[in-house]
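Each remark here refers to the structure printed beneath this line.
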Number of protein chains: 4
Amino acid sequence: MEHTYRLVISCPDRVGIVAKVSNFLSTYNGWITEASHHSDTQTGWFFMRHEIKATSIPFGLDQFRAAFEPIAREFNMNWHIADSAQPKKVILMCSKESHCVADLLHRWHSKEINAEIVAVISNHDDLRRMVEWHEIPYHHVPVSKENKEEAFAHIDELFQKYEADVVVLARYMQILPGELCEKYSGKVINIHHSFLPSFAGARPYHQAYSRGVKLIGATCHYVTQDLDEGPIIEQDVIRITHSDSIEDMVRLGKDVEKNVLARGLRSHIEDRVITYENKTVVFD
Amino acid sequence: MEHTYRLVISCPDRVGIVAKVSNFLSTYNGWITEASHHSDTQTGWFFMRHEIKATSIPFGLDQFRAAFEPIAREFNMNWHIADSAQPKKVILMCSKESHCVADLLHRWHSKEINAEIVAVISNHDDLRRMVEWHEIPYHHVPVSKENKEEAFAHIDELFQKYEADVVVLARYMQILPGELCEKYSGKVINIHHSFLPSFAGARPYHQAYSRGVKLIGATCHYVTQDLDEGPIIEQDVIRITHSDSIEDMVRLGKDVEKNVLARGLRSHIEDRVITYENKTVVFD
Amino acid sequence: MEHTYRLVISCPDRVGIVAKVSNFLSTYNGWITEASHHSDTQTGWFFMRHEIKATSIPFGLDQFRAAFEPIAREFNMNWHIADSAQPKKVILMCSKESHCVADLLHRWHSKEINAEIVAVISNHDDLRRMVEWHEIPYHHVPVSKENKEEAFAHIDELFQKYEADVVVLARYMQILPGELCEKYSGKVINIHHSFLPSFAGARPYHQAYSRGVKLIGATCHYVTQDLDEGPIIEQDVIRITHSDSIEDMVRLGKDVEKNVLARGLRSHIEDRVITYENKTVVFD
Amino acid sequence: MEHTYRLVISCPDRVGIVAKVSNFLSTYNGWITEASHHSDTQTGWFFMRHEIKATSIPFGLDQFRAAFEPIAREFNMNWHIADSAQPKKVILMCSKESHCVADLLHRWHSKEINAEIVAVISNHDDLRRMVEWHEIPYHHVPVSKENKEEAFAHIDELFQKYEADVVVLARYMQILPGELCEKYSGKVINIHHSFLPSFAGARPYHQAYSRGVKLIGATCHYVTQDLDEGPIIEQDVIRITHSDSIEDMVRLGKDVEKNVLARGLRSHIEDRVITYENKTVVFD
């Protein structure tokens, strides 16, 4: 994989943004390997992502930031630039269910995911052996009604200690406290085992079974204070029939969950996702 | 298409049902071309559908009914038998949107659907020319707040006059009164332009757009008194991205609506659908 | 739909293309509503499409062409600009099967397709009534072994008479002569009822049935002299099982064919397709 | 999971088969939890699978076989009965690519697959550590042009030593010799990384890339002496675009491969697959 810079911008739409940015890049001889744009006509907002060969530019990220700042100011941009050579630090959180964790660990192990899994945190000890085989630290932090506050204080410390860029709730069955949602806003990704907004909350497959739907799904989204209502990054579904029991739905759903979470996480890690108005722009 | 009888049964599950029914058929030399079974372990209910070559049996439907009745009584069966040579009579109801009506008319015109479309009823006059080209009577019955009661009384008369077996709400934008839902229970099919239970009610594509989902869908279901909550027959979805406007979603959604409605209607018309507990068994 | 210009470019990749083009547009105050780029790293070729609000630019297409020409020359561009207000002229060719023609006619009739269907040509007279209801001229040009040459000479005259921009083989069961493929290269679109390259040639559903595949598909592609081997624009599939007969496959396949053809044609008509090396770039 | 017997039958179609079989089961009080039938009208062949609660029948498999034999003879049945409590013995064969093996191992580890993975055989030593963590024996049997004969003789011995019921080629990059294909006919399952019959043979993603297809797929099939031409059990596809490189296709394809192989293997292991005429009946 070539070493690239990813320049991600959102700003009010107007004439001349692309010209300004591409001129800037061109002036420094920046070789664009990928460019994506989106104009949201309803909000009048503009979104843009460039992937640039790092070696084609004569300076590093700090200098880039300084040089680009005047343009950003002129166009009122929200923006950041990231370096593909600095993989994001990811913490996985899980409970007893292993499928999402095992899948992400294998993708990481086989170098499919360009990120560093720095730790796994779980309220149970079940997956320790699997995680430690990968030589990743495993933190068992039990959460109960009584110790909730201190448990999440400890979890917050772990986030800080590991300098996590992303936290993935890989079928972590606890609800993150509002303060943590707020504090790590845009950095916590959840996989919910339904096609949201249908069947938010607990036991979505049971809900789907009672309702008699003909497709079940999974949703990867950013965590916000409103349970299962954060911006959606990725979704997918699989067909079921009347002959599928809840157990069948759980089994079939796992494959959807794994793939949706992996795709959503990948998009986030590669700086392909921009959130606005509780929605996302995802540049594939 | 070979002339067949369709024997459709649901009853409490117990040992010996299949033996009894297949013996009965075998005794009369019945040639089974299709057989489907389903046991619902949660409710302990059993479902069964046979398709039998009509020419292989030495008598007609009335005699069949008389001969089978003792078995039905023994096993407490809900059951019926239908003749593929007696196509069901279908009334389409629509508003101004033409895609579902045009699609069903073409499937009927090209003999893909084995049913008789006996009339189209609409609260607007827009689609008259298209319908009448197919030599199908078109009834313009405007519905307003003021005339609702008499309009639906008139519509009910039309249902009776045409002896409709099935009524299809093919993007008919009015809500059927509770009495009609009740009276024609299990005979009225609706296409809703969302993946229910998400986005029930009005303007589902607008709802989907605001929520930022990554797939949109359509649902074919039986109409009950609870709006958009009847038993689901068929559903499907299509992928969208941030770059799709509401207009794009409407356009993409139309193709899903047409196909889902056509598949759901087909299943109903071929006596493949059994409802129970607000859900369906659909024998493909 | 807003009136737009579509600027479509392909050229050898190098630094500064985007800067040059977006500067050009920005200089004339061009408001970009959609921008898409693609770099093919294997061939070193670059592809680009802009959609620009026509009213934001102070001149028409001819002046645009003159002003842009120096840039195009500098970068060795293949390029063209099209006006969404000048809908392309489309000729449909069909045989006896009506589903694709009926579908396209309805999309056109309901203004979903922004094109002008100027004529339908068929080797049979079966669909005349359906076509003429839409007030579109219908040309019955029978093709046989004996009259092939003169039949296609006549067809070529019709293409010219109607100044067709696009010819759609909507299940036209004849093979276009090599000279016509050559002459109208990049302008003739075919729908093939299989997931190419599987099951090219005659009776693809029969081929699929014998092979026992679990999905069947359809492919929309440009016609070249090599039968069913031209650049693919769009494909899709649908799941089947062992219980589906060839007749079922034909029926299920029709829905895929219609949608794939409609999507492929739409991409072509909106100048979203660029061909290179017998492949396509399709900017959605 | 309830302990069940699976009775799988294929025979020439005629009146009375279902009656005979269901009477037999009913006589012994057999509780049918699943029943599936298929009549192939082209070949006049009939297929049938029953799943029966083991505890509902007053005897074991041997007695069942003896009691059923007369019926089987009368109808010229190919048939077998299997016991869900006797999980099939599976050998995995792999090369360096880990995704399919890791996926199957995890499904086995989490008890999703009701089978016993008795050994892994590979021509490379790369995946030893992963396999041995699961406490499954790993056999490194290098295959080269020179040692092919003795290598496969050794592999055959391993098949016998472990009494394998199923051999899964989980991206095993070697071609099994014809004698082994013959000897273990119907017991060796392969995953091919294309939507067969397209792109058989080597480097299917490269083939797909050159051809410019818009979907890539995977096929799970029984291995026969004709490379990639055995009966297909399961297939699926995923959408790609012009912007996906071969590397992207490899990555996206892996998820399809894993799921298709897992679903195909599951069907085989649960005795849901019957082969005939180089095709399969798969009773879901």
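Among the residues of the range D:29-62, those identified as facing chain B (nearest Cβ under 8 Å) and either under 21 Å from residue B:36 (Cβ atoms) or in contact with a Pro (Cβ under 8 Å, 6 or more places away or on another chain) (or both) are D:29, D:30, D:31, D:32, D:33, D:34, D:35, D:36, D:37, D:39, D:41.
Examine the range C:155-163 for a residue that is farther than 20 Å from residue C:191 by Cβ and of a type in the set (Ser, Thr, Tyr), and state whether such a residue exists. Looking for residues that are farther than 20 Å from residue C:191 by Cβ and of a type in the set (Ser, Thr, Tyr), one finds at least one in the range C:155-163, hence yes. Listed by first and then second residue, the pairs linking a residue in the range B:257-273 that is closer than 14 Å to residue B:187 by Cβ to a residue that is of a type in the set (Ser, Thr, Tyr), with Cβ atoms under 7 Å apart and 6 or more places separating them unless they lie on different chains, are B:273/B:267; B:273/B:280. Residue-level analysis places residue D:93 outside the set of residues that are touching a residue at least 60 places away in the same chain (Cβ under 8 Å), under 23 Å from residue B:24 (Cβ atoms) and in contact with a strand residue (DSSP E or B) (Cβ under 6 Å, 6 or more places away or on another chain).
Against the definition (assigned to a loop (DSSP other than H, G, I, E, B), of a type in the set (S, T, N, Q) and either under 18 Å from residue A:7 (Cβ atoms) or modelled with pLDDT under 95 (or both)), how does residue A:55 come out, yes or no? First the steps, then the outcome.
Numbers: assigned to a loop (DSSP other than H, G, I, E, B): no; of a type in the set (S, T, N, Q): yes; either under 18 Å from residue A:7 (Cβ atoms) or modelled with pLDDT under 95 (or both): yes.
Considered against the rule, which asks whether it is assigned to a loop (DSSP other than H, G, I, E, B), of a type in the set (S, T, N, Q) and either under 18 Å from residue A:7 (Cβ atoms) or modelled with pLDDT under 95 (or both), residue A:55 comes out as no.
If you go through the range D:5-14 and keep only what is out of contact with any helix residue (DSSP H, G or I) (no Cβ under 6 Å at 6 or more places or on another chain) and more than 13 Å from residue D:72 (Cβ to Cβ), you end up with D:6, D:13, D:14. Candidates are the residues of the range C:1-30 that are in contact (Cβ under 8 Å) with a residue 40 or more places away in the chain and polar (S, T, N, Q); the one that is farthest from residue A:16 (Cα to Cα) is C:10.
Yes or no, residue by residue, for (1) surrounded by fewer than 16 Cβ atoms within 10 Å (Cβ to Cβ); (2) under 27 Å from the mean Cα position of the chain (by Cα):
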position: A:3; (1), (2): yes, yes
position: A:13; (1), (2): no, yes
position: A:19; (1), (2): no, no
position: A:27; (1), (2): yes, no
position: A:46; (1), (2): no, yes
position: A:52; (1), (2): no, yes
position: A:62; (1), (2): yes, yes
position: A:65; (1), (2): yes, yes
position: A:69; (1), (2): yes, yes
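Look at residue C:205 and say whether it is aromatic (Phe, Trp, Tyr), farther than 26 Å from residue B:267 by Cα and more than 9 Å from every other protein chain (Cβ to nearest Cβ).
Judged against the criteria, residue C:205 is not a match.
Taking the criterion of being part of a loop (DSSP other than H, G, I, E, B) and over 19 Å from the mean Cα position of the chain (by Cα), the residues of the range C:71-94 that qualify are C:75, C:76, C:77. Does the range D:213-229 hold any residues that are assigned to a loop (DSSP other than H, G, I, E, B), buried (at least 22 other Cβ atoms within 10 Å of the Cβ) and touching an Asp or Glu at 6+ places or on another chain (Cβ under 8 Å), and which are they? Matches in the range D:213-229: D:214 only.
Just checking, does the range B:145-166 include any residue being touching a residue at least 40 places away in the same chain (Cβ under 8 Å), among the hydrophobic types (A, V, I, L, M, F, W, C) and within 30 Å of residue A:209 (Cα to Cα)? Scanning the range B:145-166, I find at least one residue that is touching a residue at least 40 places away in the same chain (Cβ under 8 Å), among the hydrophobic types (A, V, I, L, M, F, W, C) and within 30 Å of residue A:209 (Cα to Cα), so the answer is yes. In the range D:230-243, the condition of being assigned by TED's automatic domain parsing to the domain that holds residue D:113, surrounded by fewer than 22 Cβ atoms within 10 Å (Cβ to Cβ), among the small types (Gly, Ala, Ser) and without any contact (Cβ under 8 Å) to a residue 24 or more places away in the chain is met by at least one residue. Scanning the range C:209-245 for residues being facing chain D (nearest Cβ under 8 Å) and touching a Pro at 6+ places or on another chain (Cβ under 8 Å) gives a total of 3. Each residue in the range B:72-88 was checked for being in contact with an Asp or Glu (Cβ under 8 Å, 6 or more places away or on another chain) and surrounded by fewer than 17 Cβ atoms within 10 Å (Cβ to Cβ), and 2 pass. In the range D:165-173, the condition of being at pLDDT below 95 and surrounded by fewer than 17 Cβ atoms within 10 Å (Cβ to Cβ) is met by at least one residue.
Filtered by the rule that a residue be more than 10 Å from every other protein chain (Cβ to nearest Cβ) and of a type in the set (S, T, N, Q), the range D:246-282 gives a lone residue, D:267. Of the candidates B:205, B:184, B:162, the single residue that is in contact with a helix residue (DSSP H, G or I) (Cβ under 6 Å, 6 or more places away or on another chain), at pLDDT 95 or above and among the aromatic types (Phe, Trp, Tyr) is B:205.
Residue count for the range B:258-284 under the criterion of being of a type outside the set (A, V, I, L, M) and in contact with a helix residue (DSSP H, G or I) (Cβ under 6 Å, 6 or more places away or on another chain): the result is 2. Checking each residue in the range C:195-211 for being surrounded by 17 or more Cβ atoms within 10 Å (Cβ to Cβ), in a loop (DSSP other than H, G, I, E, B) and in contact (Cβ under 8 Å) with a residue 24 or more places away in the chain picks out C:195, C:196, C:197.
Do we find that residue D:98 is within 14 Å of chain A (Cβ to nearest Cβ), surrounded by fewer than 16 Cβ atoms within 10 Å (Cβ to Cβ) and either at negative phi or hydroxyl-bearing (Ser, Thr, Tyr) (or both) in this structure? No: the conditions fail for residue D:98.
If the condition is being touching a Lys or Arg at 6+ places or on another chain (Cβ under 6 Å), buried (at least 17 other Cβ atoms within 10 Å of the Cβ) and not in a strand (DSSP E or B), then the range D:113-130 contributes only D:113. Among (1) outside any helix (DSSP H, G or I); (2) farther than 23 Å from residue A:208 by Cα; (3) in contact with a helix residue (DSSP H, G or I) (Cβ under 7 Å, 6 or more places away or on another chain), where does residue B:242 come up short? Just one mismatch for residue B:242, condition (3).
Hey, any hits in the range C:131-144 for a residue that's in a loop (DSSP other than H, G, I, E, B), farther than 15 Å from residue C:174 by Cβ, out of contact with any Gly (no Cβ under 7 Å at 6 or more places or on another chain) and at pLDDT below 95?
Quick first cut of the range C:131-144, residues in a loop (DSSP other than H, G, I, E, B) only: C:134-137, C:141-144.
If we keep only those that are farther than 15 Å from residue C:174 by Cβ too, we end up with C:134-137.
Okay, now just the ones that are also out of contact with any Gly (no Cβ under 7 Å at 6 or more places or on another chain), so C:134-137.
Pick out the ones that are also at pLDDT below 95 and you get none.
Among the residues of the range C:131-144, not one is in a loop (DSSP other than H, G, I, E, B), farther than 15 Å from residue C:174 by Cβ, out of contact with any Gly (no Cβ under 7 Å at 6 or more places or on another chain) and at pLDDT below 95, which makes the answer no.
Go through the range C:113-130 and report how many residues are within 14 Å of another protein chain (Cβ to nearest Cβ) and either at pLDDT 95 or above or in contact with a strand residue (DSSP E or B) (Cβ under 7 Å, 6 or more places away or on another chain) (or both).
The initial filter retains those residues of the range C:113-130 that are within 14 Å of another protein chain (Cβ to nearest Cβ), namely C:113-114, C:126-130.
With the extra rule that they be either at pLDDT 95 or above or in contact with a strand residue (DSSP E or B) (Cβ under 7 Å, 6 or more places away or on another chain) (or both), the set shrinks to C:126-130.
The total comes to 5.
The values are calculated or read from the model by the stated rules, or taken from the named source; none is laboratory data. Since this is a predicted model, take the numbers as computed values, not measurements. When we count neighbours, we look across all protein chains shown, and the Cβ atoms used for this are built from the backbone with ideal geometry, even at glycine.
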